[in-house]
1. Look through segment 422-449, keep the residues that are among the charged types (D, E, K, R) and more than 22 Å from Ile496 (Cα to Cα), and return whichever of them is least open to solvent (accessible area, probe 1.4 Å).
2. When residues of segment 535-567 are filtered for being under 23 Å from Val503 (Cβ atoms) and touching an Asp or Glu at 6+ places or on another chain (Cβ under 7 Å), how many remain?
3. Check whether at least one residue in segment 115-123 is on the phi < 0 side of the Ramachandran plot, under 26 Å from the mean Cα position of the chain (by Cα) and not aromatic (Phe, Trp, Tyr), and report yes or no.
4. Within segment 20-39, track down each residue that is hydrophobic (A, V, I, L, M, F, W, C), in contact with a Leu (Cβ under 8 Å, 6 or more places away or on another chain) and loosely packed, with under 15 Cβ neighbours inside 10 Å.
5. Taking the options Ala545, Ala550, name whichever one is part of a helix (DSSP H, G or I) and surrounded by fewer than 19 Cβ atoms within 10 Å (Cβ to Cβ).
6. Taking the criterion of being of a type in the set (A, V, I, L, M), touching a Phe, Trp or Tyr at 6+ places or on another chain (Cβ under 9 Å), part of a loop (DSSP other than H, G, I, E, B) and within 17 Å of Gly74 (Cα to Cα), would at least one residue in segment 102-117 satisfy it?
7. Can you tell me which residues in segment 216-242 are part of a loop (DSSP other than H, G, I, E, B) and either in contact (Cβ under 8 Å) with a residue 40 or more places away in the chain or closer than 24 Å to Ala362 by Cβ (or both)?
Amino acid sequence: MPLTLERINAATQAEFAALLDGTYEHSPWIAERAWAQRPFKSLAQLKFALASVVREAGRDAQLALIRAHPELAGKAMVAGTLTAESTHEQGKAGLTDCTAAEFAQIQRLNADYNARFGFPFILAVRGPRGTGLAKAQIIAAFERRVANHPDFELAECLRNIHRIAEIRLNDKFGATPELGNQVWDWAEALATESDPGYQEQGQLTVTYLTPAHQACARRLQQWMRECGFDEAHIDAVGNVVGVYWGHDEAEARARHRPSPGQGSGGEGSGHSPAGDPASSRRLLTGSHYDTVRNGGKYDGRLGILVPMACVRELHRAGRRLPYGLEVIAFAEEEGQRYKATFLGSGALIGHFDEAWLAQRDADGVSMRDAMHAAGLPGTMETIRAMQRDPARYLGFVEVHIEQGPVLAELDLPLAVVTSINGGVRYQGEVIGVASHAGTTPMDRRRDAATAVAELALYLERRGSAVPDLVATMGLLEVPSGSINVVPGRCRFSLDIRATTDGVRDACAADVLAELAAICARRGLQHRLEETMRAAAAPSDPVWQARWERAVASTGLPLHRMPSGAGHDAMKLHEVMPQAMLFMRGGNAGISHNPLEEISNDDTELCVRAFQNLLELLAGGLK
């Protein structure tokens, strides 16, 4: 019989440890210490309690835990002395059926890894979906991680141990993250579409209105229909709009359904004309489905798929909420093909710049022509018609992967966002004199590159001086540089972000003043262009509190944090209240990278938290 929370909550310390035996390899002390935290009201709370014991145990105990695990395809497997749990896991990943070449390669990696770190390589070989990694994936992770810093790698081993324990606990409790699996599977399927040149290399790149982008839109639209959305259409900029009517709207539309022969007028734009009895209010949610080049599968897309899963469950139960739910897969947020970011969400609030239509991509294709090729009108009239009336909406919420390491380091699946950082970007160039590297004395040089290098170091110091401020020089280029020429020009970028506009602007002012001082001292000129400015978007207190209650209902402790990245919620913030929920990313939270990863269990909790939010809102509106 599967374990139950009631049983473990009623257990003595010895019984508790016995019931959880095998969760952490040869380490009953973890369960023994977690016992004091009973009662557990959810499996998620139990998992976090066990992970917290390990985090607080100290380095020696953590190393002992890591060393209690066997090497992958190692001597213990060959000798048949693995625990039943490890035997099952290594077998599921195919490690008990290696070719001679694969076995030799893994043995070499084991030896190299042990020599570098002094402990065995730990990987949750059942993977983020729980169904098992392929041997090629295991070997690739081995080869990548052997180059990590020892402290980082120790932490990564512990994170994998917690994932192993999580899957083993699921087995003990008979728990299957069905909703998390569905979202994970959708994301996997959506990631099969990629732009030419990247698809062939197995890389994910989906930029605005390419054939891959259009294929993603069609697939999302079809999934929305299958989930039970009442409306699902692609709008004038390529956003995929799904609407699940609230109780009043569904009844009103049923009363006003056209009789046979009258026609319905199509799916429309998702908002009712003035005076229409179907004009009940809606909750707006969503995120973007475009990607950066060679990016990850979950950035943006998670915020589309999670509410889709919620609608599917509502439809299956035959339930309507006292408000409508409008889910939008925004067509563009990343600014990869054209110099226009937040194009999809900006159009909803009337912030679509007509000049964007004339912009051309790297191949000389204008945005207007790209729209026409995608079957979109490409006219300002149709784009302006997309603008939403904020009075029609209760607010905007967005789910997103964290895109950073904080939640991974805390062993927490979810966090509530307090504010989205305001940002400013510049592109600049320092101009000196190109001269011969051998004949120009050091005190006679007008070196543009060293001036920018000096600015980069100042930027790093200034960005580190204030909490919740970050400053980055992401682009640094010497045009037509040569090994034997003192650089006469150097191009660079500046990206400055903070939780408040005041902190951001103070940093920007100091950096620009330092740039001027460096150039004056070195006898150089400079040019600087501001290319983007976005105001900070603090979460609406009421909506943030709702997210906090929704997370607390899962049994997880509450963690609040700002978002350093920009999101579509920043645009909607300009016209309606907004708040966000973060979900932990795997591989130490890396994002905008093929290593971006989520687990089915974290995603299950994310969907459950979203469902909790919907129920809290429903209760407040009754």
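1. Step one: of segment 422-449, the residues among the charged types (D, E, K, R) are 425, 429, 443-447.
With more than 22 Å from Ile496 (Cα to Cα) added as a condition, the list becomes 443-447.
Values: Asp443: 119, Arg444: 154, Arg445: 66, Arg446: 99, Asp447: 23 Å².
Per the stated criteria, the residue is Asp447.
2. Start the filter on segment 535-567 by keeping residues that are under 23 Å from Val503 (Cβ atoms), which leaves 535-541, 544, 559-567.
In the following step, the residues that additionally are touching an Asp or Glu at 6+ places or on another chain (Cβ under 7 Å) were identified as 535-536, 562, 567.
Counting residues in segment 535-567 that are under 23 Å from Val503 (Cβ atoms) and touching an Asp or Glu at 6+ places or on another chain (Cβ under 7 Å) gives 4.
3. At the first step, the residues of segment 115-123 found to be on the phi < 0 side of the Ramachandran plot are 115-117, 119-123.
Right, trim to under 26 Å from the mean Cα position of the chain (by Cα) and you get 122-123.
When the remaining residues are screened for being not aromatic (Phe, Trp, Tyr), the result is 122-123.
Checked against the condition, which is being on the phi < 0 side of the Ramachandran plot, under 26 Å from the mean Cα position of the chain (by Cα) and not aromatic (Phe, Trp, Tyr), segment 115-123 yields at least one hit.
4. From segment 20-39, those hydrophobic (A, V, I, L, M, F, W, C) are 20, 29-31, 34-36; that's our starting set.
Add one more test, that the residue is in contact with a Leu (Cβ under 8 Å, 6 or more places away or on another chain), and what stays is 20, 30-31, 34.
Selection gives nothing.
5. Values: Ala550 fails: surrounded by fewer than 19 Cβ atoms within 10 Å (Cβ to Cβ).
Answer to the check: Ala545.
6. No, every residue in segment 102-117 fails to be of a type in the set (A, V, I, L, M), touching a Phe, Trp or Tyr at 6+ places or on another chain (Cβ under 9 Å), part of a loop (DSSP other than H, G, I, E, B) and within 17 Å of Gly74 (Cα to Cα).
7. Looking only at segment 216-242, we keep the residues that are part of a loop (DSSP other than H, G, I, E, B), and these are 228-230, 235-239.
If the condition is that a residue be part of a loop (DSSP other than H, G, I, E, B) and either in contact (Cβ under 8 Å) with a residue 40 or more places away in the chain or closer than 24 Å to Ala362 by Cβ (or both), then Gly228, Phe229, Asp235, Ala236, Val237, Gly238, Asn239 are the ones that fit.
Conditions tested, residue by residue: (1) under 21 Å from Lys297 (Cβ atoms); (2) open to solvent by less than 10 Å² (accessible area, probe 1.4 Å); (3) of a type in the set (S, T, N, Q); (4) more than 21 Å from the chain's Cα centre (by Cα).
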residue	(1), (2), (3), (4)
Glu193	yes, no, no, no
Pro196	yes, no, no, yes
Gln201	yes, no, yes, yes
Glu226	yes, no, no, yes
Ile234	no, no, no, yes
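The values are calculated or read from the model by the stated rules, or taken from the named source; none is laboratory data. The structure displayed is predicted, hence computed values, not measured ones. Don't worry about glycine lacking a Cβ; one is built from the backbone with ideal geometry, like all the others, and counts go over all protein chains shown. Accessible surface areas use protein heavy atoms only, side chains included; no ligands, DNA or RNA. Shrake-Rupley method; radii C 1.70, N 1.55, O 1.52, S 1.80 Å.
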